[in-house]
1. Inside the stretch 206-237, can you point out the residues that are in a strand (DSSP E or B), touching a residue at least 40 places away in the same chain (Cβ under 8 Å) and either out of contact with any Leu (no Cβ under 6 Å at 6 or more places or on another chain) or of a type in the set (Val, Ile, Thr) (or both)?
2. With in a loop (DSSP other than H, G, I, E, B) and surrounded by 24 or more Cβ atoms within 10 Å (Cβ to Cβ) as the only criterion, which of Val412, Val402 stands out?
3. If you take the residues of the stretch 295-322 that are over 23 Å from Pro113 (Cα atoms) and crowded, with 24+ Cβ neighbours inside 10 Å, which of them is farthest from the chain's Cα centre (by Cα)?
4. May I ask you to verify whether Asp311 is touching a residue at least 12 places away in the same chain (Cβ under 8 Å) and more than 22 Å from Met69 (Cβ to Cβ)?
5. What are the residues in the stretch 60-74 that are outside any loop (DSSP other than H, G, I, E, B), more than 12 Å from Pro327 (Cβ to Cβ) and in contact with a helix residue (DSSP H, G or I) (Cβ under 9 Å, 6 or more places away or on another chain), if any?
6. Name the single residue, out of those in the stretch 46-85 being of a type in the set (S, T, N, Q) and over 16 Å from the mean Cα position of the chain (by Cα), that is surrounded by the fewest Cβ atoms within 10 Å (Cβ to Cβ).
7. Out of all the residues in the stretch 293-321, which are in contact with a Lys or Arg (Cβ under 7 Å, 6 or more places away or on another chain) and assigned to a loop (DSSP other than H, G, I, E, B)?
8. Would you point out which residue out of Gly279, Gly272, Gly329 is part of a loop (DSSP other than H, G, I, E, B) and either at pLDDT below 95 or crowded, with 23+ Cβ neighbours inside 10 Å (or both)?
Amino acid sequence: MKDIKDIQDGGAGNPRGAKHVVVVGGGMAGLIAALYAAKGGARVTVLEGARQFGGRAQTTKEGGFSVNMGAHALYKGGAAKRALDDLGLSVTGGTPPLEGQTATWQGKPYLLPVSLMSFWRTGLFSLIDRWATTRFYANLPKMNSADYVGMTLEDTLMALLPAPGARAYMHAVMRLSTYANAPSQMCGGAAIEQLKMALGGVLYLDGGWQQMVDTLVDAAKTSGVDLQAGQKVSDVERTGAGFTVVTSKGQVSADAVVLALAPKQAASVAAGLASELTGYAEQAVPVRGACLDVCLSKVPVEATSFALGIDDPVYLSVHSCVAKLAPKGGGLLHTVKYLDPLRAEKASALEQEVERYTDQLQPGWRQHVVSRYFRPGMVIANSLPLAEHGGMAGRPAVETSVPGLCLAGDWVGPKGFLSDASAASGRAAGRLAAGAAAQPQHAQAAE
């Protein structure tokens, strides 16, 4: 590992005369920011406090299984996929088939309605619910999500879908696309925009999201980015026209800094510079899930690879049905309960609940467990787009009040949600930090 002096002196691919950008945080947002800053001609250093890069996108490898931290999906029409394409990077995986899969209501399985035919075949709906739901989908492409900014998702669905069965179904679909279960808090406009994008489909990645992390890391190395793990940053100080970044191993000078951290971490590191971050950190409502990740020697019911709870905020998916995540004959299964931020639940009760749902859809699964991970309150996204704060517009801008100090992460900028917000803000932050864009909105507009 290089020491602080080596970072200051630069190295191969990092010319001395170039603008020095320091990215604090080596998760997805930080790696994308680093690549765009390097693309803009800057000398780039990434400082990651952990021993490995990738943050929540890291994947555990064991016995031929690749286990993500919960159920991860890459949206084909999202900012993350666009950033990879723009950088000339590719990932492989498969799209899960939803036709013929399962919806559950009051403990009973039904045909999941995903097409015109299945909408009219399923026993899930009344005639009124069928008509209301098909009409909603027909009108969705021309809906102006801005009309519902400032409204909660609960009020939005009430206005758009008076039929209770149709409303319950659409809420479940929006939980699936946003990973969020906060209808009385979430911005309806943000949920509609996310649903529009999500209908373009997803990819489950071969080898888990580690494939994407490794692809970004390799690209960063090729671009001359100096990747430094085990460098925990405690403070960023203004020094003349630039910055001093204080780490666990010394100090680094920078012309620009990108904080690709969670809200509270960013506020703490920049406490002496950008005091407005404290307010954003305090108002942030994390999106959380209780995730059961199971490696199986055999999937008991191969025909059931996906199930969505309509009246219960749960979901099950066998990701290995379309992606290379398990050894031959085995399977990787995820069951998730989307957690209500206004309700406290015990970890033991949550575990029993996701186990029962797995029992219902995959009876006999316990006999085939190779290993399992239960994550009772995993952070899926750092900040819910709140109706009371104007949805996405209520998130902090990529460029802070301090020129040259930028933010990136799934809680930053007006574009995208989940990993797509990380990618959109990372792209904009990297460009701004390298001086490739004069205004923050110009960088974001390209998304």
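The values are calculated or read from the model by the stated rules, or taken from the named source; none is laboratory data. Being a predicted model, the structure only gives us computed values, none of them experimental. Backbone-built Cβ (ideal geometry, glycine too); neighbour counts: all protein chains shown.
1. Asp226, Leu227, Ala229, Val233, Val236
2. Numbers: Val402 fails: surrounded by 24 or more Cβ atoms within 10 Å (Cβ to Cβ).
Of Val412, Val402, the one residue that is in a loop (DSSP other than H, G, I, E, B) and surrounded by 24 or more Cβ atoms within 10 Å (Cβ to Cβ) is Val412.
3. Leu296
4. Answer is yes for this residue.
5. Thr60, Asn68, Leu74
6. Step one: filter the stretch 46-85 for residues of a type in the set (S, T, N, Q), giving 52, 58-60, 66, 68.
Next, from what is left, pick out any that are over 16 Å from the mean Cα position of the chain (by Cα): 52, 60, 66.
Working: Gln52: 13, Thr60: 15, Ser66: 23.
Out of the qualifying residues, it is Gln52.
7. Once the filter is applied, which keeps residues that are in contact with a Lys or Arg (Cβ under 7 Å, 6 or more places away or on another chain) and assigned to a loop (DSSP other than H, G, I, E, B), the stretch 293-321 yields only Pro313.
8. Gly272
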